[in-house]
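Student: Just dropping this structure here.
The values are calculated or read from the model by the stated rules, or taken from the named source; none is laboratory data. Just so we're clear, the structure is a prediction, and the values are computed from it rather than from any experiment. When we count neighbours, we look across all protein chains shown, and the Cβ atoms used for this are built from the backbone with ideal geometry, even at glycine.
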């Protein structure tokens, strides 16, 4: 999928939605699994806002400049990274507490 932008026509048909779907599946599985253990709502907040930004950037990509689109996608990705990192740390603490 990462070379898809160099393929004419396909890059503009579905490429963003393919990535969003993949990201959403991974995030839902990973963050959902961790949240059932630690119940930290900040993780859900970071993940939700990150996913909303990625969806918004994909939906409105034809109305955005390359700079604004890049900022939206980078911010969404950064928020998802924070959510995953917090989830990972909290899940580790839950494992220690259960021993």
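Student: Return the total of residues in segment 30-44 being surrounded by 14 or more Cβ atoms within 10 Å (Cβ to Cβ) and either within 13 Å of the chain's Cα centre (by Cα) or in a helix (DSSP H, G or I) (or both).
Tutor: Taking segment 30-44 first, the residues surrounded by 14 or more Cβ atoms within 10 Å (Cβ to Cβ) are 30-31, 34-35, 37-38, 40, 43-44.
Still in the running and either within 13 Å of the chain's Cα centre (by Cα) or in a helix (DSSP H, G or I) (or both): 30-31, 34-35, 37-38, 43-44.
The total comes to 8.
Student: Quick one: in segment 66-87, which of the residues that are more than 15 Å from the chain's Cα centre (by Cα) and modelled with pLDDT of 90 or more is surrounded by the fewest Cβ atoms within 10 Å (Cβ to Cβ)?
Tutor: Only one residue tops the list, namely 67.
Student: Any residue at all in segment 58-68 that is at negative phi, assigned to a helix (DSSP H, G or I) and in contact (Cβ under 8 Å) with a residue 24 or more places away in the chain?
Tutor: yes
Student: Shifting gears a bit: Among the residues of segment 2-19, is there at least one that is outside any helix (DSSP H, G or I), closer than 30 Å to residue 91 by Cβ and at pLDDT 90 or above?
Tutor: Looking for residues that are outside any helix (DSSP H, G or I), closer than 30 Å to residue 91 by Cβ and at pLDDT 90 or above, one finds none in segment 2-19, hence no.
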